[in-house]
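Each remark here refers to the structure printed beneath this line.
The values are calculated or read from the model by the stated rules, or taken from the named source; none is laboratory data. All of these numbers come straight from a predicted model, not from anything done at the bench. Note that we place each Cβ from the backbone using ideal geometry, even for glycine, and neighbour counts take in every protein chain shown. Just the protein is used for accessible areas: all its heavy atoms, side chains included, with ligands, DNA and RNA removed. Shrake-Rupley method; radii C 1.70, N 1.55, O 1.52, S 1.80 Å.
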Amino acid sequence: MEVPRYWRLQKQRYALVGEICPHCQVKIFPPRDVCPECGGEAKQPFSFSGKGTVFSFTTMYDAPKGFEMNTPYTVALVKLEEGPVVTAQLTDLGEQPVEIGMPVEMVTRRIREDEEDKGIIVYGYKFRPVMAGTH
Amino acid sequence: MCDVVIAGIGQVPVGEHWGVPLRTLAARAMLAAQRDAGGLKPQALYVGNLLSPVVSHQSNLGTLLADNAGMSGIEAFTVEAAEASGAGALRAGYLAVLSGYVDVAMVVGVEKFTDAVGPVIEGAMSETMDYDFEATNGLTPTAAAAMVMRLYMQTYDLPSDGLAGFPVLAHENALNNPNAYFRRALTREGYARAAMLSTPLNLYDKAPYADGAAAVILTRPDRLKKALEHPLVQVRGSGAAIDTLALHDRHDPLAFHAAVVAIQNACRHAGILPADVQVFELSDNFSVYAALCLEAGGFAQRGAGWKLANGDELSLKGRLPVCTMGGMKARGNPAGASGVYQVVEACLQLRGEAGANQVRDARRALTLCLGGPASTAVCHVLQTWQ
Ligand SMILES: [Zn+2]
């Protein structure tokens, strides 16, 4: 990932900062310039709790460049408590089988390998299962 | 409005053309289309391509391909809409001729995968998604399709081989297509044994990426100085629509809304209903997408598209033949060129030149090409011109 892009995306990647629409109060992640629900301009930051459930998922055996070292890895659509769905890797799965509806929470993890010797290690959000009794 | 007809078609065999440069691959299809059109010279070239800037480090294909094919001085540029690039280029060519500003337009779809390998290709294809919020988290188009497939199978309670009918049919139809990448049969047992690419999606649920180029020449019938040896095919309707780029932004990931709108617009434009076609070339780049294309066209209820592939309805002698020359699955998927291959194959059917795969009394065809999980959809209605 290029250096300017890395800095630009930090708030989203480390803290799940999206937006709340000032017109219709819908919560938006990732940020957009126009609210998908009411068409108003959206620009008010909102920090998501990082809690959600698995909406769909897949374990990938054929990785793109930069992810080969992690193969196989599991990517999911995670439905956040506040409404939006995000794409993220699942982590800390252990022996636990993944299921649709499984509660998960956000953690910050290393996402991909150094790219073309630029020396950047990309960190960002992943989601892990919520242990029974800690939710 | 004037009639716009396809006066010539050309294609190269889909496959691994390691030794052939992108420009030559395109030129072979372009010159074949031009010969088929009786030597008609285009005033404009619209190129459908996705990967060239990333994989071949080559932009401005319009100029490169026209220049290389001896078409200096004409208008030429690229249309990019992920895997729907070729269909988008056809729409650009169609609108140009329809408007009257261009008398003869050439459309070429070309894709060169073999300038790179493995992870680089998956990475390049991932750039068709939301790079900041999908690709950066390790998602690929294959993984996105796998998540759609899991939702589809769970929501509609499919057996594990519920989608096998699509690749089995595609492989069967490709047996007689000399331009197909895979000319060998696939059994349901073979499907069941296949390795997982991205659970629950296996090797046969995904159309193989490969090199290819296909071209057509569009014009008005009154521009043809002499009669051609083959029938003309009219572009009768055209429609295109988008949905959210990212799968995660869909309210309902199993509704291919852009495909619904593109089909409706193309059919309304043509003054027909989807049921009025005899051939449907759809996007089977992933088997679950083929099911969702059928549902988008109203050929099956939502959640029932997969069942059509388990009977005879979609075969060459069925009610609605699909992927008649092997589809993306078995003919091969040259991404940005696929939309043009679909149209060339539909033309073969409508001209009565599909050989052993000829659909009887084929007079009208629907082509539907998707970019991503129907993030983009482009649809055309083609029919024999009289
Ligand atoms: Zn709003």
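Could you please let me know if A:Gly94 is away from chain B (no Cβ under 11 Å), part of a loop (DSSP other than H, G, I, E, B) and surrounded by fewer than 15 Cβ atoms within 10 Å (Cβ to Cβ)? Judged against the criteria, A:Gly94 is a match. Residue pairs whose Cβ atoms lie under 9 Å apart, separated by 6 or more positions or on different chains, with the first residue in the stretch B:263-289 and closer than 16 Å to B:Arg364 by Cβ and the second among the acidic types (Asp, Glu), are B:Cys267/B:Asp276; B:Ala270/B:Asp276; B:Gln278/B:Asp361; B:Val279/B:Glu345; B:Glu281/B:Glu345. Checked across the stretch B:276-285, the condition of being in contact with a Phe, Trp or Tyr (Cβ under 7 Å, 6 or more places away or on another chain), aliphatic (A, V, I, L, M) and open to solvent by less than 10 Å² (accessible area, probe 1.4 Å) holds for no residue. Filtered by the rule that a residue be among the hydroxyl-bearing types (Ser, Thr, Tyr), touching a residue at least 40 places away in the same chain (Cβ under 8 Å) and not in a helix (DSSP H, G or I), the stretch B:45-100 gives a lone residue, B:Tyr46.
What residue, among those in the stretch B:103-123 that are surrounded by fewer than 23 Cβ atoms within 10 Å (Cβ to Cβ) and aliphatic (A, V, I, L, M), is nearest to the other protein chains (Cβ to nearest Cβ)? Residue satisfying both the conditions and the ranking: B:Val120. Applying the criterion of being within 19 Å of B:Ala144 (Cβ to Cβ) and open to solvent by less than 30 Å² (accessible area, probe 1.4 Å) to the residues of the stretch A:22-58, the residue that is nearest to the ligand (Cβ to nearest atom) is A:Phe29.
Filtering the stretch A:36-84 to residues that are away from chain B (no Cβ under 13 Å) and not in a loop (DSSP other than H, G, I, E, B) leaves A:Glu41, A:Gln44, A:Pro45, A:Phe46, A:Ser47, A:Lys51, A:Thr53.
Going residue by residue through the stretch A:69-85, is there one that turns out to be open to solvent by 20 Å² or more (accessible area, probe 1.4 Å), within 16 Å of the ligand (Cβ to nearest atom) and either over 21 Å from B:Thr244 (Cα atoms) or not small (Gly, Ala, Ser) (or both)? Yes: the stretch A:69-85 contains one or more residues that are open to solvent by 20 Å² or more (accessible area, probe 1.4 Å), within 16 Å of the ligand (Cβ to nearest atom) and either over 21 Å from B:Thr244 (Cα atoms) or not small (Gly, Ala, Ser) (or both). Tally up the residues in the stretch B:130-150 that are part of a helix (DSSP H, G or I) and facing chain A (nearest Cβ under 7 Å), please. So the answer is 7. For B:Thr78, the test of being in the same structural domain as B:Asp243 (by TED's automatic domain parsing) and in contact with a Leu (Cβ under 7 Å, 6 or more places away or on another chain) is failed.
Apart from one condition, B:Glu75 fits all of (1) acidic (Asp, Glu); (2) closer than 21 Å to B:Ser375 by Cβ; (3) surrounded by fewer than 24 Cβ atoms within 10 Å (Cβ to Cβ); the exception is (2).
Just wondering, is there one or more residues in the stretch B:156-179 that are open to solvent by 10 Å² or more (accessible area, probe 1.4 Å), farther than 30 Å from A:Val107 by Cβ, of a type in the set (S, T, N, Q) and free of Cβ contacts under 8 Å to residues at least 24 places away in the same chain? Steps first, answer last, please.
Here is the first cut: in the stretch B:156-179, the ones open to solvent by 10 Å² or more (accessible area, probe 1.4 Å) are B:156-161, B:166, B:168-169, B:172, B:175-176, B:178-179.
From the residues that got through so far, the ones that are farther than 30 Å from A:Val107 by Cβ too are B:156-161, B:166, B:168-169, B:172, B:175-176, B:178-179.
Okay, now just the ones that are also of a type in the set (S, T, N, Q), so B:160, B:176, B:179.
Next cut, free of Cβ contacts under 8 Å to residues at least 24 places away in the same chain only: none.
No: the stretch B:156-179 contains no residue that is open to solvent by 10 Å² or more (accessible area, probe 1.4 Å), farther than 30 Å from A:Val107 by Cβ, of a type in the set (S, T, N, Q) and free of Cβ contacts under 8 Å to residues at least 24 places away in the same chain.
In the stretch A:75-99, the residues that are modelled with pLDDT of 95 or more form Cβ pairs under 8 Å with partners that are surrounded by fewer than 17 Cβ atoms within 10 Å (Cβ to Cβ) and hydroxyl-bearing (Ser, Thr, Tyr), at six or more places apart or across chains, as follows: A:Leu80/A:Ser49; A:Glu81/A:Ser49; A:Glu82/A:Ser49.
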